[in-house]
Amino acid sequence: MPLVLPPRLTVSARTLRDTARRRGLRTVQLPDREVPGELHDGDAYLHAGPSYADSVAPALGIAPLEAPADWLARLPAAFVRREIRALPIREAYALRRPVFVKSPNDKSIPALVYTDGSRLPGPDAVDPGTVVLVSDVVAFETEYRLYLLDGQVHTGSRYATSGRFDPAPPTASARAFGAELLAAAGHTLPSAIVVDVGMTDAGQWAVIEANAAWASGCYASDPDRALDVVLRAAGPLARLAERDSAFVR
C-alpha cells in the first residue's frame, strides 16, 4: 500500500516520506492531479494539502478525516479562553471590531487578525455562504501541535514561541492539556487528528485549532508516531472505522 504525495513536498512531507520508506512502505509522488490507473484500487494512503486531497482522494479511494467545521466554536469556554463563532462570511462582514478569522479546515480565507469585517475577502472572491471561524484576538506565548490517535496524545511538537517558529519536543504540561481535552471532547473528533494548543499571555492553556493530520507539518514530532496518525487519518475508505464515518472530508 503506497503513501501518495503531491508534486511539491514540504520539509515535513519529505520527513514522512523517508519515514514511510524506512518502514517498508512504497511512496508515490504524483506529478500532477491525475491519478494513474494502477492507484485506483482503493488501497493507498495520502499526505497532501486540502485542495490537492480534494482532487485525488476520490480516485484513490481514500477517506480523509477532519474535525467538523464548527468544532472549535462548540468547545467549552474553559478549553478555548475566548469567544469563537462559526458563521457565514456574509455575517462577518458586519463586524466592526478587530477579530481573528480563518477557514475551519483549509486556507481559503487567510488566517489573520482583521481590523473589522470590511477587510475580509469580498463576495467577488468568496461565496457569501462560506463558513468562517471568528474569534476574539488572543496572544499565545507558546504553541504546540499534538498528534492524537485513538484518544491518546501519540506525539507532538512545540512550533512557536511568542509568534516565532521554534520547534522543540512538547512539554509535559502541553501533553497533559491534550489528554484533558481528549477526556472531555475526544468523542467529537475523529480517531486520528492534529490539534494545536497553546499557553496564552495570561498563563492559561487553550485550544488554538484542529487540523487534518494528513495536511499538517510534523515539526519536531516523532516522525514514526506522526506517520501512524497520518496513515489512519487518510487511508482506504474500505477500512474506515464506523466511528470515523461522520468525519470524512
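Rule-based calculations on the coordinates, nothing more; no lab input. Just so you know, these numbers come straight off a predicted model, no measurement behind them. Ideal geometry is used to build each Cβ from the backbone, glycine not excepted, and the neighbour counts take in all protein chains shown.
Summary table
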{"read-out": "Cα gyration tensor shape of region 85-134, rounded if a/c is under 1.5, else prolate or oblate by comparing a/b with b/c", "value": "rounded"}
{"read-out": "The chain: most fluctuating residue of A48, A212, A139 per GNM, C-alpha cutoff 10 Å", "value": "A139"}
{"read-out": "Fewest-first sequence of Y52, Y93 by Cβ atoms within 10 Å of each Cβ", "value": "Y93, Y52"}
{"read-out": "Between region 88-149 and region 38-63, the alpha-carbon center distance in angstrom", "value": "28 Å"}
{"read-out": "Simple spin-label estimate for V11 and T161 in nanometres, 7 Å along Cα-Cβ", "value": "1.6 nm"}
{"read-out": "Burial ordering of Y219, Y144, fewest other beta-carbon atoms within 10 Å first", "value": "Y219, Y144"}
{"read-out": "Estimated Rh, the chain: Kirkwood, alpha-carbon pairs, angstrom", "value": "18.7 Å"}
{"read-out": "Length gained when the stretch D136-F100 is fully extended (0.36 nm per residue, less Cα-Cα span)", "value": "12.3 nm"}
{"read-out": "Residues V126, V99 arranged by fewest to most Cβ contacts within 10 Å", "value": "V126, V99"}
